[in-house]
Structure formats: structure tokens, C-alpha cells
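One structure is given below, encoded as C-alpha cells.
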Amino acid sequence: MARPSAPPDLLALDETELTAFMREIGEPAYRGRQLFEWVHEKGARSFDAMTNLPKALRERLAAEAQIGTLVETKRQRATDGTIKTLLRLPSGRAVEAVLIPDFDDAGAPRRMTACVSSQVGCAMGCTFCATGLLGFQENLTAGQIAAQAHHLDGIATAEYGRGLSNIVYMGMGEPLQNYPAVAKSVGLITEGLGLSAKRVTVSTVGLARRIRQLADDQAAGRIPPFRLAVSLHAPTDAQRSAIMPVNRSEKTDLTALKDAIQHYHAITGHRVTYEYCVFAGVNDSDEDARQLAAVARWAPSKVNLIVYNPVEGTPFTSPPEAELDRFIRALVREEVRVTVRRSRGQDIDAACGQLAGAENA
Ligand code: SF4
């Protein structure tokens, strides 16, 4: 016997789709706009809250639809204010979504960044990454990605008195392997929370064909103009292939990536951000800095150096401060625009995939 299908997740539907849904059940089109406001803008998670909908309609919706499919099963809070949540999917698997607050000198919240996951596990197999150790398990829907942002927006407002200011797709998974859901979720989140797409950064290991496609889709207005970050982590093909299997294919090696990045910049005019985890003795020599500067010159860019949060079961460590300083100075001499990102939430399972790794193993 066929399993009954799950009721539609309204968090996965944009305004046009919600309007179509309302029409299908015999309601006027303007009800779609009302539903969008409740679900995406006001964050309603129960149909009872939708006071401008007739009671009979609310009861029908409660029987025939759902709002969000993720359930929080664990929450950790670090001394620096970072809050990591573990969210269970209908499949029973779990993903991480992390709130990263940034405070000014007076302790007032300056930025509230949500780091969201796009997949359970990841097929890319980067050798330094806890999520990579899990392998690929499941793609998230647009609604499940949007749900993470809404969940963290609620926590940010409750805990710190302001909602999200930035979203980064740097949690579990390779976002461009789940491109349609990711692109759609950016639209749902930015419209719902009233954020500019400029405040959203999608991070990829460098799937060249997808980068070209997203540039073309953004230029044509088919998807929102979110920003792109590339997880580089090594500046030459030999080094990159050793730690990131994706680089071993000529479709996704540095030559292909360079072409794609230059296409992206030419089409969108956007600067690219390179993420670069600094690994002691692996990618932190003066020669590495020169090679990295060469990559940074492919197109206007900036480099985020990430101080690595060690992952059990991998051989990588972070260099001592003095070595890190030397590497930064070498990049500055090469006129690379560089920012150092310290790992946040170090007293909790902070490296991407560590918390969910235990759950999905
Ligand atoms: S670093 Fe990103 S792309 Fe690489 S395995 Fe981890 S989640 Fe996947």
C-alpha cells in the first residue's frame, strides 16, 4: 500500500505558490498573500495565530498543511554567545544551524549571522571537515533551509533583542549540489525576513559549472543576487587535490574554477570571497601566500583566513599565532585584502558537522 504523502510544508512555498495553493482549495487569491505574511514575515507556526483568516479555513489548513518540518532536539551555547542548534528532519536525520552574534565594544549586538545547512552530510569529502566524514545523506528542501533561518531569527530576537542581519550557507553540505532548493530558499528567507540578498552568502567548494549557471541566473533575475564565497583552502592544484577530492576532476580544478570566477565577476560585477583555513605546515608558507595572492587576483576578491577548529579523526592543526601573523603579513605584502576569522563557539562542538556527526553516524 502506498504511504500517505506528507501534507505540504507552507514554509517551502513562495507567495505565488501559496496563492495557487489557496485557489486550489477554493479560496480567493488574496488569501495567498495573507498566508505568506503569516508564515514568512510574522513567523507564525500555528494556524490558530492567523487571526484574519476565518476559523473554518484555519481548521482546514491545520488538517491539510504544515508549517515547517524541523524540530529542535539539542541546543548548545558558547561563552562567546554563539548558539548551535541541532534540528531533526522528518527522516530522523539531523542538521546543524548556528547563530553567531557579533557585539560592539559596549556589548550591544552589531550583527546576527545565521549559518545554515543545505544537506545532511556532504559528498565532497574534504579531509579536514567533520561533515565530509559523514558522506552525503540527504538534500534539504527550500522550506527546511528557510526554517533554519526563521528558527535562528526567533532565538536571536529572544536572546539578543534583534533579528538576523546576515545569512551564510556554510553549515553542512555543498549548497551548489542542492542548487534549486538553495536558490529558492534565499528568496523565501530574504522576502520573509526583509533582508537584502547582499546579506546572504552562499559558500561552495568551487563547482565551476554551477558557478557559471548562478552568475547567468542572477544576471537574468531568475534567482536573487546573493553573494558567493569559495572554499579554497589551498592555492595550487597539487595541494588542493590532496585535501579536497573535488579538485581532482578537470571540471572542478583550479583552471576550471578560475574560468568560472572570472565569468561570475564579469556577469554580476560582484567580488568573490575566498575562504582559506590555515593548516600548520600544509598551506601556510610564504610560497603559499604568493600562490594564494595569484588566485586572489583572478578577479576582485577578498580572502577570509579561518583559524581552524581541529576535528577529531583528521591530522590538521592550526599554526601558532606567530606563524599565522607571518602568513598574514606575507599576504598583505602581496596586496591581498585579507580578514582573519577566529573560530566561534570553541567551547561547544563548534566545527561544522561535529554536533550532527554524533547524531547521524
Ligand atoms: S568543507 Fe563543505 S564541501 Fe567540504 S566536506 Fe565539509 S561541508 Fe562538504
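A few remarks follow.
- Taking only the C-alpha atoms of segment 13-170, the Rg (one decimal) and the largest Cα-Cα distance, Dmax (whole number), read 17.9, 55 Å.
- Here the peptides 76-89, 102-115, 133-146 are ranked by packing, the mean other Cβ count within 10 Å, and the order with the highest first is 133-146, 76-89, 102-115.
- DSSP assigns beta bridges within the chain; of those with both partners inside it, close to 45 percent run antiparallel.
- Between 0 and 90°, nearest 10: helix 179-193 axis offset from the chain longest Cα axis: 70
- Net charge contributed by nearby residues that have their C-beta within less than 14 Å of Val200 (K/R +1, D/E -1): +3
- Taking only the C-alpha atoms of the chain, the Rg (one decimal) and the largest Cα-Cα distance, Dmax (whole number), read 21.2, 69 Å.
- Electrostatic bookkeeping for His150 treats Lys and Arg as +1 and Asp and Glu as -1; over the other residues with beta carbon under 11 Å from its beta carbon, the sum is 0.
- For segment 110-243, projected area of the alpha-carbon convex hull averaged over all directions, nm²: 8.6
- In terms of the mean number of neighbouring beta-carbon atoms within 10 Å, the peptides 305-317, 52-64 order highest first as 305-317, 52-64.
- Net charge, Pro225 excluded, C-beta distance under 15 Å - Lys, Arg +1, Asp, Glu -1: +3
- Selection from Gly206, Gln218, Ile100, by position along the positive dipole direction of the chain (Cβ): Gln218
- Length gained when the stretch Arg23-Ala158 is fully extended (0.36 nm per residue, less Cα-Cα span): 45.0 nm
- Distant alpha-carbon pairs in segment 10-64 (separation over 13 angstrom), percent: 54
- Farthest positive-ward along the chain dipole, Cα basis, beta-carbon charges - from Thr141, Ala44, Cys277: Ala44
- Spatially proximal lysines relative to Lys74 (Cα-Cα < 30 Å; intrachain offsets below 8 disregarded): Lys42, Lys84, Lys184
- Selected from Ala208, Ala260, Ala65 as most flexible by GNM, with the chain as the system and alpha-carbon contacts under 10 Å: Ala65
- From the C-alpha gyration tensor of segment 178-221, square roots of 5λ in Å: 19, 11, 10
- Extension gain for Val340 to Ala219 (0.36 nm times residue separation, less C-alpha to C-alpha distance): 40.5 nm.
- Mean-position separation - Cα centroids, segment 51-82 and segment 204-218, in angstrom: 33
- Among Met172, Gly125, Leu152 - extreme Cα towards positive end, dipole of segment 71-360, charges at beta-carbon: Leu152
- Mean residue ellipticity at 222 nm, helices only, the chain: -11000 deg cm²/dmol; runs of at least 4 DSSP H residues each add -39,500 (n - 2.57), and the sum is divided by the number of residues.
Every number here is computed from the coordinates shown, using simple stated rules; none is lab data. Because the structure is predicted, anything quoted here is derived from the model rather than measured. Glycine gets a Cβ as well: all are built from the backbone with ideal geometry, and neighbour counts include every protein chain shown.
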